[in-house]
Amino acid sequence: MTKFAIDPAHSAIGFEVKHMMVSKVKGQFNSYSADIEAADLTDLTTASIAINIDVASIDTRNEDRDNHLRSADFFDIENNPTIEFSSTNITRDGADYKVTGDLTIKGVTKPITFDVEYGGKGTNPWGIEVYGFEAEAKVNREEFGLTWNAALETGGVMVGKDIKIKVELEVNPAA
C-alpha cells in the first residue's frame, strides 16, 4: 500500500445550503488533512480514506456568519473542533465510484455515501504523478445536531436542512 498526500493548492472541501428558501450559501473549510492509502489510485476500490477537517477554518465570506457557525448554535467548535470521515466501503459505479464511510459532525456519527468521479492521472512539472477526484454527497444537517433555524415572516426558514458536501482532491504519493 502506498500513502498519498493532498495537494492543498489544488484541493477544496466545501458545502452549500439553501438560504432563506431562495438562494444558496456556499462555503469551504480552509484547513484539513487526510490519510489516504491505496495499492493503486487508478482503482480507488483498493483505497482507505480518512479525512479530518478543522471546523474553525470555515469560510463563507461573511465573518459574522462564520462566527455564528462556529458557535454552540451550530458546530460548537469548543467541544467539537473537527469533522471526520473514514471510508468503510468503496465500489465501482461505471467509470466512477461510491465511497461509503462514517461521517462525524458535532459528536454524531452517521453513514454517508459520496459519488466520486475519478478525474484522471497525470505528471506535474516536477515529475510527480498526481491523481484527481471530485466527490459529492448530501446530508440532513439536523441529523448531526445542527438544528438552529429562524422562521421567516414570509414563510419558510432561514437555513435549509439539506447540505451538499463537495470535495475536490488532487493527491500524490507522500514523500
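The values are calculated or read from the model by the stated rules, or taken from the named source; none is laboratory data. Here the structure is a predicted model, which is why all the values come from computation and not from measurement. Note: ideal-geometry Cβ built from the backbone for every residue, glycine included; neighbour counts use all protein chains shown.
Of L146, L69, L103, which residue is among the aliphatic types (A, V, I, L, M), assigned to a loop (DSSP other than H, G, I, E, B) and touching a strand residue (DSSP E or B) at 6+ places or on another chain (Cβ under 8 Å)?
L146
Given the structure, is K26 closer than 17 Å to L146 by Cα, touching an Asp or Glu at 6+ places or on another chain (Cβ under 7 Å) and either among the aliphatic types (A, V, I, L, M) or assigned to a strand (DSSP E or B) (or both)?
yes
Quick check on this structure: which one of T2, T100, T91, T46 is of a type in the set (V, I, T) and touching a Pro at 6+ places or on another chain (Cβ under 6 Å)?
That would be T2, the only listed residue that is of a type in the set (V, I, T) and touching a Pro at 6+ places or on another chain (Cβ under 6 Å).
May I ask you to list the residues in region 1-23 that are more than 16 Å from R65 (Cα to Cα) and part of a strand (DSSP E or B)?
If the condition is that a residue be more than 16 Å from R65 (Cα to Cα) and part of a strand (DSSP E or B), then T2, K3, F4, A5, I6, A12, I13 are the ones that fit.
Among the candidates T60, T104, T100, single out the residue that is farther than 25 Å from V171 by Cβ and without any contact (Cβ under 8 Å) to a residue 40 or more places away in the chain.
Matching residue, one of T60, T104, T100: T60.
So in region 34-60, with the set limited to residues that are of a type in the set (G, A, S), at pLDDT 95 or above and part of a strand (DSSP E or B), which one is farthest from N149 (Cα to Cα)?
For region 34-60, the residue satisfying everything is S48.
Within region 66-82, is there a residue that is touching a residue at least 40 places away in the same chain (Cβ under 8 Å), over 15 Å from the mean Cα position of the chain (by Cα), loosely packed, with under 15 Cβ neighbours inside 10 Å and within 27 Å of V171 (Cα to Cα)?
Looking through region 66-82, none of the residues is touching a residue at least 40 places away in the same chain (Cβ under 8 Å), over 15 Å from the mean Cα position of the chain (by Cα), loosely packed, with under 15 Cβ neighbours inside 10 Å and within 27 Å of V171 (Cα to Cα).
What are the residues in region 129-161 that are surrounded by fewer than 16 Cβ atoms within 10 Å (Cβ to Cβ), modelled with pLDDT of 90 or more and either among the small types (G, A, S) or under 19 Å from P111 (Cβ atoms) (or both), if any?
E136, K138, N140, E143
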